[in-house]
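J.: This is the structure I have questions about; it appears just below.
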Amino acid sequence: MSVPVQDQIIVNFDSKFFQGNWEDTYRALLPAWQRFEAMHAPLIKLYVARTSTKEDFFAMGVLRIDDPELTFDQLQEAFAGDARFEQNVPLALDGFDDPRFVEQWALTTLEATDTWSVQPGGGKTIVAIVDSGLYRADNANPLHEDLGAVEPVLDCQPQPVVIDGIQVFPGLHVDCIDQDGHGTLLAGTIAAVPDNRTGVASAVEQTWNISLLPVKFFSPAAGPNAADAAIAIAHAVDKGAKVINLSWHVAPGDDLTVLKRAMQLALANDCLLVIAAGNDGTDNEIYPTWPAKLATQNPFKNKVLTVLASDRYDAKASFSNYGASTVHLAAPGTDILATGLYLEAPPRYAEYSGTSPAAAYASAAAALVFALNPAWKPVDVVQHLTASARTVDALRLACLNGKRLDIGRAVYGPLRILSPRAGDELPVNQAAPIVWSNSYSNARFTKVKIEFHDGTNWTVVKASTPNDGFFSWTPANATATGRIRLTPVAGNFPVVSETFRVV
């Protein structure tokens, strides 16, 4: 039976219940289950994160209050030191339907219209979409063949859990089918496949081994709420997500302990949370929107990414929340063409607007940067995306330093080789200048590696030298062709010169 959110209480269990493994922790919590039953406040959900340790322990439950006389104070007194309690609250999505059909202007703005000429660093990068699930490709809906790699359904959804014959966790929308459309729109914005009959593209390429993990935590019959969102985030962490897209918000004034703990679990597992700023058109510094506001607080500061929506003229979208010191950057969020609910005759995708697609573009950019640099931490990716973003005067009062996401610059890095140029002839055994520029400044890129290709192999000229734009090089051997490659020592963002000769 569905229980209205206003009749639900969230239980945050103390780490003293941690038993070293997932199943034994569940068993340690069963006596608490029985105590709640005796108080006429039965647990309708009990969830333990499989990936937790003593330090980042995450276990929570949801109570149904059957005794109208039972109070928070009575619950807290009965479980003093064992659990904390808060009201479950509904969440609001940060996207609007907008059925107009124009070109995908946002990819041009983001400099992400061509196939990437650099290569990822190896391994899989999973992007979790904690939302309404995904409407997958089938014969009745061939348009959704346009999506890239997606994790199996069983991995996408928290499955039912039975411990000692008791179903302690009933699962969470285990079919994962999107009945709302919002999650599928986000999926298309992040990872639609280019060059097919539908004409929808994204910045993510299949060859980069970036995979979507759509975690469904709401449906038309059971709306989005804080408890299920927290479970969905913890599940995404458990399944190895590197990026988690959160395109929704909670109204100001609500206690978000359970969401904070789930987000802390993500941080502890080096997972980047990308958060939509909200669609109220207000200043998040005056009227805070959660969880976007958490980006300014420890331990989340500089480790999560908040995003507002900009329009095709690089101005803040009228509906978008903003914050000159609380929102990291802007990204396109108006009239965004993506997979999702579509019109007939002929079948075609609709557009949507909101900070939802803006966050989705930032999630795609984060996934690309993680794919290039698998060992990077969330703080590194946030720093790089904000460093590589374009500064737009019209956005200076809307987000930190007026930054607007630029995926092309984020992928290709800041270095540009000025010399040697195409066709140059460098004398052998004589000093020749290697000159380069930086199109933007990333504080981590203080050193560069210099390599030379003689037509057969790459050899290291200098493993580490200051990134000051100049290096004096003396080639030792004549070659018919030659190229120079520069790479920041702290990041996989190589740039290769045009072909020259050593004579």
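J.: Does any residue in the stretch 424-452 that is in the same structural domain as residue 376 (by TED's automatic domain parsing) and aliphatic (A, V, I, L, M) come within less than 6 Å, Cβ to Cβ, of a residue that is modelled with pLDDT under 95 and not in a loop (DSSP other than H, G, I, E, B) six or more places away or on a different chain, and which pairs are these?
T.: Final answer for the pair search is none.
J.: Among the residues of the stretch 444-464, are any polar (S, T, N, Q) and under 35 Å from the mean Cα position of the chain (by Cα)?
T.: Of the residues in the stretch 444-464, the ones polar (S, T, N, Q) are 446, 456-457, 459, 464.
Retained after the next criterion (residues that are under 35 Å from the mean Cα position of the chain (by Cα)): 446, 464.
Taking every residue of the stretch 444-464 in turn, at least one turns out to be polar (S, T, N, Q) and under 35 Å from the mean Cα position of the chain (by Cα).
J.: How many of the residues making up the stretch 27-52 are of a type outside the set (D, E, K, R) and touching a Phe, Trp or Tyr at 6+ places or on another chain (Cβ under 8 Å)? Can you show your working first?
T.: Taking the stretch 27-52 and keeping what is of a type outside the set (D, E, K, R), we get 28-34, 36, 38-44, 46-49, 51-52.
Then drop every residue that is not touching a Phe, Trp or Tyr at 6+ places or on another chain (Cβ under 8 Å), which leaves 28-29, 32, 42-43, 46-49, 52.
Of the residues in that region, 10 qualify.
J.: For the stretch 433-454, state whether one or more residues are more than 30 Å from residue 327 (Cβ to Cβ) and among the polar types (S, T, N, Q).
T.: If we filter the stretch 433-454 for residues that are more than 30 Å from residue 327 (Cβ to Cβ), which is where we start, we get 433-436, 447-454.
Next cut, among the polar types (S, T, N, Q) only: none.
For the stretch 433-454, residues more than 30 Å from residue 327 (Cβ to Cβ) and among the polar types (S, T, N, Q): absent.
J.: Going through the stretch 383-400 one residue at a time, which ones are surrounded by fewer than 24 Cβ atoms within 10 Å (Cβ to Cβ) and either hydroxyl-bearing (Ser, Thr, Tyr) or in contact with a His (Cβ under 8 Å, 6 or more places away or on another chain) (or both)?
T.: Step one: filter the stretch 383-400 for residues surrounded by fewer than 24 Cβ atoms within 10 Å (Cβ to Cβ), giving 383, 386-387, 390-394, 396-397, 400.
Within the stretch 383-400, 386, 391, 400 qualify.
J.: Taking residue 462 as the residue in question, decide whether it is over 21 Å from residue 120 (Cβ atoms), part of a strand (DSSP E or B) and touching a residue at least 12 places away in the same chain (Cβ under 8 Å). Step through it out loud before you land on a result.
T.: Details: over 21 Å from residue 120 (Cβ atoms): yes; part of a strand (DSSP E or B): yes; touching a residue at least 12 places away in the same chain (Cβ under 8 Å): yes.
Yes, satisfied.
J.: Of the numbered conditions (1) surrounded by fewer than 14 Cβ atoms within 10 Å (Cβ to Cβ); (2) within 33 Å of the chain's Cα centre (by Cα); (3) within 18 Å of residue 163 (Cα to Cα), residue 55 satisfies every one except a single condition; which is it?
T.: (3)
J.: Related question: Only residues that are assigned to a helix (DSSP H, G or I) and either charged (D, E, K, R) or more than 25 Å from residue 176 (Cα to Cα) (or both): list them for the stretch 229-263, please. Steps first, please.
T.: First, pick out the residues of the stretch 229-263 that are assigned to a helix (DSSP H, G or I): 229-238, 257-263.
Scanning the stretch 229-263 gives 238, 257, 260, 261.
J.: Out of 289, 257, 306, report the one residue that is closer than 23 Å to residue 53 by Cα and polar (S, T, N, Q). Spell out how you get there, then give the answer.
T.: Working: 289 fails: closer than 23 Å to residue 53 by Cα; 306 fails: closer than 23 Å to residue 53 by Cα.
Only one candidate passes the filter, namely 257.
J.: Which of the residues belonging to the stretch 2-52 are in a loop (DSSP other than H, G, I, E, B) and closer than 21 Å to residue 262 by Cα?
T.: Of everything in the stretch 2-52, those that are in a loop (DSSP other than H, G, I, E, B) and closer than 21 Å to residue 262 by Cα turn out to be 14, 18, 19, 20, 21, 49, 50, 51, 52.
J.: Shifting gears a bit: Residue by residue through the stretch 10-27, note down the ones that are out of contact with any helix residue (DSSP H, G or I) (no Cβ under 9 Å at 6 or more places or on another chain) and not basic (Lys, Arg).
T.: 14, 15, 20, 21, 22, 23, 24, 26
The values are calculated or read from the model by the stated rules, or taken from the named source; none is laboratory data. Treat the numbers as computed from the prediction; the structure is a model and nothing was measured. A quick note on method: Cβ atoms are made from the backbone with ideal geometry, for glycine too, and the neighbour counts reach across all protein chains shown.
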